[in-house]
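Laboratory data are not the source of any read-out in this text; all were calculated from the coordinates shown. Because the structure is a prediction, the values reported are computed rather than measured. Please note: Cβ atoms are built from the backbone with ideal geometry, for glycine as well, and neighbour counts cover all protein chains shown.
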C-alpha cells in the first residue's frame, strides 16, 4: 500500500514565512559570530603593532645608552661596548636575540658607531607574517681628556 502524498497548502507556507521573518530570537548570536573574527583581528593587530613599536624603541634606546656609556668610558673596547649593550637590553628577552656591532672610528675626532639588529617575530595566531628585522644605530664622539 502506498502512502498518500502530502499536499502543501500555499496559505500555510505564507503564514510560516511571515512568522519566521518576525522571529528575532538568535539574531544577536548570529551578528556576534559575524563580527567577532574581525574585531579580534583588529584587536590583536593593535597589540602586535604596539609590541613592534616598543621593540623598535628599545633597540634604539639600547644603542643610545651604549653610546652614552662609551662616551664616559672612552678607553672601552668594541667588545666591552657590545657587552654593555647586551646588559642594557634586558627587556628583549635573552641577550643572544639581538646582534650588536660596534665600530670604533679612529681619527680626530674618534667615534663609536653602535648598531643593533633584532628579528621581530609576530605572535598573531591566525595570520602568518614574515619576521621583521628591526635596527637601531647611534654614533657618538669619544673625547678623552
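Just one of the numbered conditions (1) surrounded by fewer than 18 Cβ atoms within 10 Å (Cβ to Cβ); (2) outside any strand (DSSP E or B); (3) in contact with a strand residue (DSSP E or B) (Cβ under 6 Å, 6 or more places away or on another chain) is not true of residue 57; which one?
Single failed check for residue 57: (3).
Return a yes/no flag: does the range 89-103 have any residue that is within 15 Å of residue 138 (Cβ to Cβ), touching a helix residue (DSSP H, G or I) at 6+ places or on another chain (Cβ under 8 Å), assigned to a helix (DSSP H, G or I) and touching a residue at least 12 places away in the same chain (Cβ under 8 Å).
Checking the range 89-103: not a single residue is within 15 Å of residue 138 (Cβ to Cβ), touching a helix residue (DSSP H, G or I) at 6+ places or on another chain (Cβ under 8 Å), assigned to a helix (DSSP H, G or I) and touching a residue at least 12 places away in the same chain (Cβ under 8 Å).
Scan the range 19-33 for residues that are surrounded by fewer than 10 Cβ atoms within 10 Å (Cβ to Cβ) and assigned to a helix (DSSP H, G or I) and jot them down.
Across the range 19-33, the qualifying residues are 19, 20, 21, 22, 27, 28, 29, 30, 33.
What are the residues in the range 65-77 that are part of a helix (DSSP H, G or I) and surrounded by fewer than 16 Cβ atoms within 10 Å (Cβ to Cβ), if any?
Listed by number, the residues that qualify are 68, 71, 72.
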